[in-house]
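Since the structure comes first, as structure tokens, the remarks are kept for the end.
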Amino acid sequence: RARYAIEQGIQRCDYVCLCDHCLAPVKLIQSPGRRNSLCFRHVPKHGYCPEKEECSSSNKKINKQVYQGTVEGDLHRGLKDFIIRRLRLDQDIVEIKVETVLRDIDNPRKWRKPDILIIYRDKRLVIEVQRSRTYLSTIVARETFYRENHIHLLWIFPALLFQYGPETFTVKDVAYNNQHNIFLLDENAQRRSESEGELLLTCHYQDCINAETSNTASWGQKMVRLSDLVLDTDFKVHPRK
């Protein structure tokens, strides 16, 4: 929750956390090389600070480490093509567009190019196939853009990103702002999709969240279809209770 609020503040230039030394804005990130550990880091291009440390690995290198050499481009294309083939069988989908440019309704200079855009019944739904570690700045920026343009957003991940379970920061960052749900296209979901002729996803979820005590329920999982999902008025996507 704190990480998400800090990143929202950075993108609005309404900074939540500042460095004690230089008063430049900082963000809360996963400590390099230490899973489930946090540290503060300066926001780039905000001046010099003696306490500032540059990232030792680029995002590209980090993603390569996470994927242990997997060719991300091939994985991304394969997942996207699989999803598109199943969506074409769904009679509730009016239109499917692949990598089409969406411009902001108020500022045409702002735009996104989602993997897949569909008209599902009477709603616009973007599907982002996130094949690698997702950075919080990317999550917040995309969710903000689509929400402001009245478009629902569904993140779909490969099973490989879930190899360390639901407690990694990547999973937590996406789950937190999506009612504690994560959608995977893992081997089981692919087999079921093939056999049943429609897109099925493995949903990892938490039922009970106690904000006052910070207690969370254990993670469960279930298979869901598009028809099982609620596209709510806040442009979130979550399973029907």
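The values are calculated or read from the model by the stated rules, or taken from the named source; none is laboratory data. Because the structure is predicted, anything quoted here is derived from the model rather than measured. Cβ coordinates were reconstructed from backbone atoms using ideal geometry, including for glycine residues, and neighbour counts include every protein chain displayed. Keep in mind that these areas ignore ligands, DNA and RNA; they rest on the heavy atoms of the full protein, side chains included. Shrake-Rupley method; radii C 1.70, N 1.55, O 1.52, S 1.80 Å.
Worth pointing out:
- Residue ranking by accessible heavy-atom surface, 1.4 Å probe, largest first, among V16, V26, V94 comes out as V94, V16, V26.
- Solvent-accessible surface (1.4 Å probe) assigned to E194 amounts to roughly 110 Å².
- W155, W219, W111, reordered so the largest accessible area comes first (probe 1.4 Å): W111, W219, W155
- Taken along the Cα-to-beta-carbon direction at a fixed 7 Å, the label points for S218 and I93 span 3.5 nm.
- Accessible area, probe 1.4 Å, largest first, for residues K113, K241: K241, K113
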